[in-house]
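Asks: Can you keep this structure in mind? I'll have questions shortly.
The values are calculated or read from the model by the stated rules, or taken from the named source; none is laboratory data. Remember, it's a predicted structure, so these values are computed and weren't measured experimentally. When we count neighbours, we look across all protein chains shown, and the Cβ atoms used for this are built from the backbone with ideal geometry, even at glycine. Keep in mind that these areas ignore ligands, DNA and RNA; they rest on the heavy atoms of the full protein, side chains included. Shrake-Rupley method; radii C 1.70, N 1.55, O 1.52, S 1.80 Å.
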Amino acid sequence: MAPSLRHRILGVDPGSRNTGYGVIDSDGRHSRVVASGCIRVGEQPWPDRLGRIFDQVAALANEHQPHEMAVEQLIFARDPTAALKLGQARGAILCAGLKAGVTVHEYSPKSVKLAVVGSGGADKAQVQHMVRILLGLTQPPGEDEADALAIALCHAHSMGIPQRKRAAASWRDFRP
């Protein structure tokens, strides 16, 4: 990968107990893993979990110096309490990225699956499999780690398409 094309992206899959992260270098077409893993906060009191998520994401941003951060959006949750906690975890993640001076982008789970697997209804195993293939990993990553890497890949794929080559909304908008 040419140094002038290197773009570092931190992908984060928010969770109230396990928050996946993945750092990739990409030129929009080719990507490689720099670091990935899972922030596990366990059974600590809720404010302590949020503090740990914030601190760990801030530390990742400081260590890896990403150009941009991609975070999965919360679409819905069956349990309102779980949705609130997930929203608070997302808030801690977004604030950590913004405090580090990183531009933050958000993607829906469906758009992430569509970008990585080709189907917005893909299951976790399909996402893990495609992340392993796209990044040339020898082993499939864990679920939270794979989701975070998929979010980073989704952003890399969206930035790799020059604006004038993106699909036109109608034939009137088409510009070759």
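Asks: To the nearest 20 debye, what charge dipole does the chain have about its Cα centre, counting +1 at the Cβ of each Lys and Arg and -1 at the Cβ of each Asp and Glu?
Replies: Details: 21 positive and 17 negative charges, 127 e Å.
Around 600 debye, computed over the chain.
Asks: Residue farthest toward the positive end of the dipole of segment 27-129, with Cβ of Lys/Arg at +1 and Asp/Glu at -1: which of A115, Q73, A35?
Replies: A115
Asks: Then there is this: Please give the length that would be gained between S158 and H67 if that part of the chain were fully extended, namely 0.36 nm times their separation in residues minus their C-alpha to C-alpha distance (nm, one decimal). It would help to have the intermediate numbers written out before the result.
Replies: On the way: separation 91, 0.36 × 91 = 32.76 nm, distance 1.46 nm.
Fully extending the segment from S158 to H67 adds 31.3 nm.
Asks: Relative to the compact globular guide of 2.2 N^0.38 Å, what is the alpha carbon radius of gyration of segment 90-158, as a ratio?
Replies: Working: Rg = 12.6 Å, N = 69, 2.2 N^0.38 = 11.0 Å.
In units of the globular-protein estimate, segment 90-158 measures up at 1.15.
Asks: What do you get for Rg/Rh over the chain if you use C-alpha atoms and the Kirkwood form of Rh? List each step's numbers first, then the result.
Replies: Numbers: Rg = 16.3 Å, Rh = 16.5 Å.
Reported Rg/Rh, Kirkwood definition of Rh: 0.99.
Asks: Based on Cβ point charges of +1 for Lys and Arg and -1 for Asp and Glu, what charge dipole magnitude is obtained for segment 113-158 about its Cα centre, in debye rounded to the nearest 20?
Replies: Working: 3 positive and 5 negative charges, 35 e Å.
The dipole magnitude comes to about 160 debye.
Asks: Would you please give the FRET efficiency between R78 and Q44, computed as 1/(1 + (r/R0)^6) with r the Cβ-Cβ distance and R0 = 30 Å, to the nearest 0.05? Don't skip to the answer; put the middle values down first.
Replies: Working: r = 24 Å, r/R0 = 0.81.
Efficiency at R0 = 30 Å is approximately 0.80.
Asks: What number of lysine-lysine pairs in the chain show an alpha-carbon separation below 29 angstrom, given a sequence spacing of 8 or more or placement on distinct chains?
Replies: Eligible lysine pairs with Cα atoms under 29 Å apart amount to 10.
Asks: Report, to one decimal in Å, the Kirkwood hydrodynamic radius for segment 42-90 based on all distinct Cα pairs.
Replies: 12.4
Asks: Give the distance, in whole Å, between the Cα centre of segment 71-142 and the Cα centre of segment 8-67.
Replies: 11
Asks: Seen from all sides and averaged, what is the projected area of the convex hull of the Cα atoms in segment 1-78, in nm²?
Replies: Values: hull surface 24.6 nm².
Taking a quarter of the hull surface, the average projection is 6.1 nm².
Asks: Are there trypsin sites (Lys or Arg not before Pro) in segment 1-95 that DSSP puts in a loop and that have at most 13 other Cβ atoms within 10 Å, and which ones? Before the final figure, lay out the partial values.
Replies: On the way: sites: R6, R8, R17, R29, R32, R40, R49, R52, R78, K85, R90; in loops: R6, R17, R29, R78.
Hits after loop and neighbour filter: R6, R29, R78.
Asks: Here's a follow-up. What ranking of D79, D144, D25 comes out by heavy-atom accessible area, probe 1.4 Å, highest first?
Replies: Numbers: D79 80, D144 40, D25 0 Å².
Solvent-accessible surface, decreasing: D79, D144, D25.
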